[in-house]
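To start, the structure itself, in structure tokens.
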Amino acid sequence: MLKVDNQRCDLCGLCVSVCPVNALEMFEKYVEVDQGKCTACTKCTRICPVRALSLNEERGQDA
Amino acid sequence: MLKDSYDIAIVGGGPAGLNAAINCADDNISVALFEKDREIGVPVRCAEGTSEEALEKYAFVDQDAICSTFNRFKFVAPDKKFVEMESNSMRGFVLDRKKFERSMARKAAEKGVQIFTRAHVRRAQDKGKPVVKVNYAGQDHTVQAGLVIAADGIESRIARDFGIDTTLSMRDTDACYQMTLTNIDVPEDTVQFWFSEQIAPGGYVWIFPKGSKTANVGLGINGLYSEEKLAVDMLEEFVKENFPETTMVNSAAGGVAAASSLKQLVNDNFIVIGDAAHMTNALTGGGIASALAAGKMAGEQAREAILAGDTSQSMLKGFEKEWHRTIGKDYRRMYRLKEAMLKINDQDFNKLAEKFENTPPEEVKISKLMTTMLKRKPSLIIDVTKVFAGL
Ligand SMILES: Cc1cc2nc3c(=O)[nH]c(=O)nc-3n(C[C@H](O)[C@H](O)[C@H](O)COP(=O)(O)OP(=O)(O)OC[C@H]3O[C@@H](n4cnc5c(N)ncnc54)[C@H](O)[C@@H]3O)c2cc1C
Ligand code: SF4
Ligand code: SF4
């Protein structure tokens, strides 16, 4: 499951731009994750400039 | 008051959306611009530097929004040797983007554009038609549109509604962090770029002075390296080491599309511009000038389409072609240069700085720097020659 640490997240929107399955959406004050769509590819966790995203169970990987 | 329908609906109130609005509105065309944030112009996730030429060509510049003017460029190598370049043809401004965007919003409003803030567009297409579903001031609304312009920045999802995939690859993405520092002692007429694999792999550190001993200091890390090096940590380290006496007044994370612009920029009843269309200079990460340029081109095209009663893809292709023929073409070259730069290491930068250390700034040219640097990498010479030959 992808978790967003709202204390750390700065709302920059970068994670949305790399998500290949459109599982993320920016709101004015938070990022929303559609867990049903997320494939746990790790792209967003790797790009976030402040490491606000984490996956607590590894599934597939997609370079 | 939000109406049930508009000729043109623009999603996003950054430089791209605002300039599109200014250029498409007139007495016979109704335009709505939706911005999800509370205010136009904030938060600022940008170093705010842009070229004077581009600003004058594509937008209206409120003098109040200009913080400083630069014509000197300082490139600092990992070992801190540096090259300075002076060029009046590359003169630029560091803006106050909040003031800049506010003045653009005023101008759009004067032209009759209705601007809605706290207006989050969730979708912009329904059964092939441009229908905007927007949550405005806490309530859901459905608005019909003749044509939608997506200017929704790096976080863009709207183009995906119209079948255009805007997903960025890791290699074409830079993870950034920036601080605005005061009590910083840097010359006002010089923008600085520091290179170092340790601090900003695949990217660089920028120092853009804003006057009154204030500057935007930030860095970008290419997506290939952003997992091992966290932008925020790297910047803190950089500032501690190089500018320990400064005070931070603002900070922000951000993302840059170090890509070549999307090939497909239009569909039936739809245009995408700015960061949402990856219209950034992949080498520098600059996107204000291109957002303004694309806003102008797209706004004019949208206006023409509405007046002609034809918003089909083939009509809107005029914009796509114009973009790719002009700035899009330059940016494809910049993308090739970025790809070449990803192969340059710290030693290459040190050698380059050493070579130009004593050259007077007026005699240093970007093309000379590039070709000299790449001489050390024979495999890259062909790539770069192609860039300068315009292939
Ligand atoms: C750290 C950093 C430093 C930079 N420095 C420079 C620089 O010095 N010079 C330069 O030229 N460029 C710089 N850039 C790039 C520049 O900031 C962008 O290219 C530019 O802002 C793009 O303008 P835009 O209008 O396309 O998008 P944006 O300015 O991002 O505007 C998009 C707007 O759309 C809104 N939005 C998004 N989705 C929705 C929705 N669904 N509904 C309603 N509203 C929505 C957003 O809230 C936002 O206000 C920098 C970028 C970063 C991250
Ligand atoms: S990339 Fe990180 S900081 Fe930026 S919006 Fe996503 S979670 Fe937040
Ligand atoms: S892990 Fe991959 S699929 Fe899941 S939200 Fe992040 S980028 Fe999207």
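Do you know which of the residues in segment A:26-56 that are part of a strand (DSSP E or B) and either in contact with a Ser or Thr (Cβ under 7 Å, 6 or more places away or on another chain) or near ligand 3 (Cβ under 10 Å from one of its atoms) (or both) is nearest to B:Gly153 (Cα to Cα)?
Checking each candidate, the answer is A:Val31.
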### Query
Condition test on B:Ala277, is it within 16 Å of ligand 3 (Cβ to nearest atom) and within 14 Å of chain A (Cβ to nearest Cβ)?
no
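Condition check: hydrophobic (A, V, I, L, M, F, W, C), farther than 25 Å from A:Glu25 by Cα, over 11 Å from the mean Cα position of the chain (by Cα) and open to solvent by less than 10 Å² (accessible area, probe 1.4 Å). Does B:Ala298 satisfy that? Give the derivation first.
Numbers: hydrophobic (A, V, I, L, M, F, W, C): yes; farther than 25 Å from A:Glu25 by Cα: yes; over 11 Å from the mean Cα position of the chain (by Cα): yes; open to solvent by less than 10 Å² (accessible area, probe 1.4 Å): yes.
Taking the combined requirement at face value, the residue satisfies it.
Kindly evaluate B:Gln347 against the criterion of being among the polar types (S, T, N, Q), under 22 Å from B:Ala200 (Cα atoms) and in a helix (DSSP H, G or I).
Yes, satisfied.
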### Query
In segment B:112-141, what residues are over 27 Å from B:Glu300 (Cβ atoms), more than 10 Å from chain A (Cβ to nearest Cβ) and in contact (Cβ under 8 Å) with a residue 60 or more places away in the chain?
B:Tyr136, B:His141
### Query
Here is a list of conditions, (1) closer than 17 Å to B:Val148 by Cβ; (2) crowded, with 16+ Cβ neighbours inside 10 Å, and B:Tyr335 meets all of them except one; can you say which number that is?
(1)
### Query
Which condition does B:Val83 not pass, out of (1) more than 27 Å from B:Ala151 (Cβ to Cβ); (2) open to solvent by 40 Å² or more (accessible area, probe 1.4 Å), if it passes all the others?
(2)
### Task
Identify all residues within segment B:153-169 that are open to solvent by 10 Å² or more (accessible area, probe 1.4 Å) and either out of contact with any strand residue (DSSP E or B) (no Cβ under 7 Å at 6 or more places or on another chain) or at the interface with chain A (Cβ under 9 Å from one of its Cβ atoms) (or both); write none if there are none.
B:Gly153, B:Ile154, B:Glu155, B:Arg157, B:Arg160, B:Asp165, B:Thr167, B:Ser169
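Take the conditions more than 20 Å from B:Glu197 (Cα to Cα) and within 13 Å of ligand 1 (Cβ to nearest atom) and apply them to B:Asn267. Does it pass? Write out each step before concluding.
On the way: more than 20 Å from B:Glu197 (Cα to Cα): yes; within 13 Å of ligand 1 (Cβ to nearest atom): no.
Spelling it out, it is not the case that B:Asn267 is more than 20 Å from B:Glu197 (Cα to Cα) and within 13 Å of ligand 1 (Cβ to nearest atom).
The values are calculated or read from the model by the stated rules, or taken from the named source; none is laboratory data. Keep in mind the model is a prediction, meaning the values are calculated, not measured. Reconstructed Cβ throughout: ideal geometry from the backbone, glycine too, with neighbour counts over all protein chains shown. Remember, those area values only see protein heavy atoms, side chains included, never the ligands or the DNA or RNA. Shrake-Rupley method; radii C 1.70, N 1.55, O 1.52, S 1.80 Å.
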